[in-house]
Amino acid sequence: MGFIDYQGTKKDRYEEVLAFAKAQQEEEARRRGGARAGSRPEAGASQEGRAASEHGTQPQEGLIIPGQEPQPESKETTALSEQGSQPDVWKPSNLPGQNAGNPARPQFDRERFQALLEEKRLPAYAEAFGLLRKCPLPEEMGGFYGELSDRLLVLQEALDKFQESCQPDLFLFYEYYIPEALRLAVAYIGYLDGGAGEKTLNETGAEVLDAAKRLLLAVNEKIDEIYQFAAMETKAEARALESMLNQAGYIDPEYRIK
């Protein structure tokens, strides 16, 4: 009985120890399992990504790992990247003001222009309008300034030709009309060189052009006035000669008494 009791007691003790050891193994297994679960990649990661993470290797190209998604480039970064890839080539701007320093662009001789204004003579004013034509003005405006230059010389020629018989009043032409039109043109050139806006250039240019047109009309009328006055004198002289010839008996045969 004692042997049986001993064996029974030993068996019970053995089973108790075995159960305890088994419980310890299960507890250790649960702890290890929890640790592995905490180190796993986030849900949704691909099998290749998890394998790469566990082995400490980089994922294959083209795979996206959560938390490592590529960030989109900002507009500034994209603009700088594109600008850096472009060749450094100068492109002239169509804006007039940005070409003011271009050596190939005709330069306005302001000193010569001012000296011509101070002369207050028609040939000097004609040369001043010629200087304006060398500037990059609108085509229509440049055309009127060229015609003004030519017509002022015609006016001077008419004055020289009939200076003894005709002395028209040109005071306002010398002192205001012509120099003011020239100054307006210079002011407009300044707007072009300064890069003024399109609206400013269009509105100001229209007014400056209208002033040039009026001046051209005035110059042409003054030329006609000189020639009309000269023609009147010529016709008066012709009548006087005809009268003297009539008095001397040199008349038209049709009216001679037979």
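The values are calculated or read from the model by the stated rules, or taken from the named source; none is laboratory data. Only a predicted model underlies this, so the values are computations on that prediction, with no experimental measurement involved. Here Cβ is always computed from backbone atoms with ideal geometry, including for glycine, and neighbour counts include all displayed protein chains. Note: accessible area is taken over every heavy atom of the protein model, side chains too, but ligands, DNA and RNA are not part of it. Shrake-Rupley method; radii C 1.70, N 1.55, O 1.52, S 1.80 Å.
Coupling constants for segment 165-181 follow from the phi torsions by the Karplus curve (6.51 cos²θ - 1.76 cosθ + 1.60, θ = phi - 60°), and in residue order they are 9, 9, 10, x, 7, 10, 4, 5, 5, 5, 8, 9, 3, 5, x, 5, 4 Hz; glycine and proline get x. The packing ranking, built from the mean of other Cβ atoms within 10 Å per residue, places the peptides 161-170, 113-122, 232-241 in the order 113-122, 161-170, 232-241, highest first.
In this simple spin-label model, placing a label point 7 Å from the Cα along the Cα-to-Cβ direction at both Ala211 and Ala231 gives a separation of 3.3 nm. Per the Debye calculation on segment 170-258 with a single equal scatterer at every Cα and no solvent contribution, log₁₀ I(q)/I(0) for q = 0.22, 0.24 Å⁻¹ amounts to -1.03, -1.11. In plain terms, the chain from Ala218 to Arg31 could stretch by 56.4 nm, reckoned as 0.36 nm per residue minus the Cα-Cα distance.
Shown are Leu209, Leu132, whose ranking by accessible area with a 1.4 Å probe and every protein chain present, most to least, is Leu209, Leu132. Once the Cα-Cα distance is subtracted from the 0.36 nm per residue extended length, the Gln247 to Glu119 segment shows a gain of 40.9 nm. For segment 154-239, carbon and sulfur atoms together expose 52% of the accessible surface, with a 1.4 angstrom probe and every protein chain in place.
The protection proxy used here, the mean number of other Cβ atoms lying within 10 Å of each residue, ranks peptides 145-151, 219-225, 193-199 as follows, highest first: 145-151, 219-225, 193-199. In summary, the convex hull built on the alpha carbon positions of segment 110-247 has an orientation-averaged projected area of 9.3 nm².
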